[in-house]
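**Student:** Before I ask anything, let me first share the structure, which is written out below as structure tokens.
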Amino acid sequence: VAVNAFTGAELDRADDARRRDPAWVADQARHPSARAVVAGSSGVRVENGRLARVPLPEAARTGVAEPVLLGLDAEGPLFAVDDGPRTDAPAPLVGAGGGRGEPPPATSGRLGLREAGAALPQADGGLAAYAAGIMNWHRRHRFCANCGAPTEHGEGGLVRSCPECGVEHHPRTDPVVIMLVTDGDRVLLGRQASWPARRYSALAGFVGPGESLEEAVSREVAEEAGVVIGPPVYASSQPWPFPSSLMLGFTARWAAGEPRARDAELEDVGWFSRGQVVAAARHDVDGWEVGRGDAPNAELLLPPKLAIARRLLDGWLRDD
Ligand SMILES: [Zn+2]
């Protein structure tokens, strides 16, 4: 079974009592095998087609914030270093570099996070997502949400604590439901006006406070398409650190209602046949983000292969 991009980091996150021991954390930073992955607003550093692991002292010299201990891999402690730009003003998010339709990268240099998810080995893509996600959180949580005082980095970077009011802040993940609604040989897809022409994807939306995932799926489909569905069925999940989402993938069967775009979020929504989706899958260039100008004759462009929406579509094509 195919796994989602941005999953599969191979390391012990040491997310337990060890991190709460400052002496243990300091030992990891001094360890002769301590290395760091390097990421900043221009993307993640890659070397020979892999995520670069740089000796920690060398990486730390380029850092604009304290290194974050990601965990332990087979060689020893592994950190993440944010090499900028500086975070004392609102800054672009880590890994935001790169973009749609850029040429495939050289095997060494910088890769935007989306490109990294498509181009790097599975485990390195997972590691890049972890590093970018945690560093994005640090960038946006320098002050206490409770009292406004500057917060301090703790537990090797998996917590920020407030010296004024004593509250501990933990890395945040925002749940987003994404769902493929089907009715036999047709599938419901929508598009946002900002997407490349003819690109359609599964419907999606943030889970609200006091709302179950199943309720969020049903509500989003009703709001975005005016369609009633049967019970949602969980499929798989994918970290989406742009800046801090977790995509929760579902499938659901159509029950009632003719789809039409109802809110400002979607420009168009409608049914596509199995044949249209199969034809569109043939236009893909690989795992790359399909940019404007690719496949000029296609009537439908699918989401890129690194996106969970595409996994949901592939699963539907495989099922029957
Ligand atoms: Zn506080």
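Each value in this text was obtained by applying a stated rule to the coordinates, not by laboratory testing. Everything quoted here is computed from the prediction, not taken from an experiment. Note that we place each Cβ from the backbone using ideal geometry, even for glycine, and neighbour counts take in every protein chain shown.
**Student:** Before anything else, pin down the relative contact order of the chain: Cα pairs under 8 Å, at least 6 apart, normalised by residue count, whole percent.
**Tutor:** Details: 691 pairs, mean separation 54.4, N = 320.
So the answer I get is 17 percent.
**Student:** Now for a different question. Expressed in nm to one decimal, what extension gain is obtained for the pair C165 and R198 from 0.36 nm per residue of sequence separation less their Cα-Cα distance?
**Tutor:** Working: separation 33, 0.36 × 33 = 11.88 nm, distance 5.12 nm.
Length gained between C165 and R198: 6.8 nm.
**Student:** Ratio of segment 137-292's C-alpha Rg to 2.2 N^0.38 Å, to two decimals?
**Tutor:** Details: Rg = 19.5 Å, N = 156, 2.2 N^0.38 = 15.0 Å.
Cα Rg divided by the expected 2.2 N^0.38 Å: 1.30.
**Student:** In segment 133-163, which residues have a backbone nitrogen under 19 Å from the label point lying 7 Å from D12's Cα in the Cα-to-Cβ direction?
**Tutor:** 155-158
**Student:** Right, something else. How much FRET efficiency would the formula 1/(1 + (r/R0)^6) give for D174 and V278, where r is the Cβ-Cβ distance and R0 is 30 Å, rounded to 0.05? Write down the numbers at each step before the final one.
**Tutor:** Values: r = 33 Å, r/R0 = 1.11.
With R0 = 30 Å, the Cβ-Cβ based efficiency is 0.35.
**Student:** Given the -39500 (n - 2.57) contribution per DSSP H run of 4+ residues, what per-residue ellipticity at 222 nm results for the chain, rounded to the nearest 500 deg cm²/dmol? Could the numbers behind the result be given before it?
**Tutor:** Values: 7 runs with 73 residues, N = 320.
Rounded to the nearest 500, it is -7000 deg cm²/dmol.
**Student:** Taking 0.36 nm per residue of separation and subtracting the Cα-Cα distance, what length does fully extending D183 through R50 add? Before the final figure, lay out each step's value.
**Tutor:** Values: separation 133, 0.36 × 133 = 47.88 nm, distance 4.14 nm.
Answer, rounded to one decimal: 43.7 nm.
**Student:** While we're looking at this one, here's another question. May I ask you to derive the FRET efficiency for L246 and R20 from their Cβ-Cβ distance with R0 = 30 Å, giving the value to the nearest 0.05? The partial results should precede the final answer.
**Tutor:** On the way: r = 25 Å, r/R0 = 0.82.
The computed FRET efficiency comes out at 0.75.
**Student:** For the chain, compute Rh as the Kirkwood radius over C-alpha pairs and then the Stokes-Einstein diffusion coefficient at 37 °C and 0.692 mPa s; write the answer in µm²/s, rounded to an integer.
**Tutor:** Result for D is 156 µm²/s.
**Student:** Taking the Cα centre of each part, how many Å lie between segment 33-48 and segment 1-30?
**Tutor:** 16 Å
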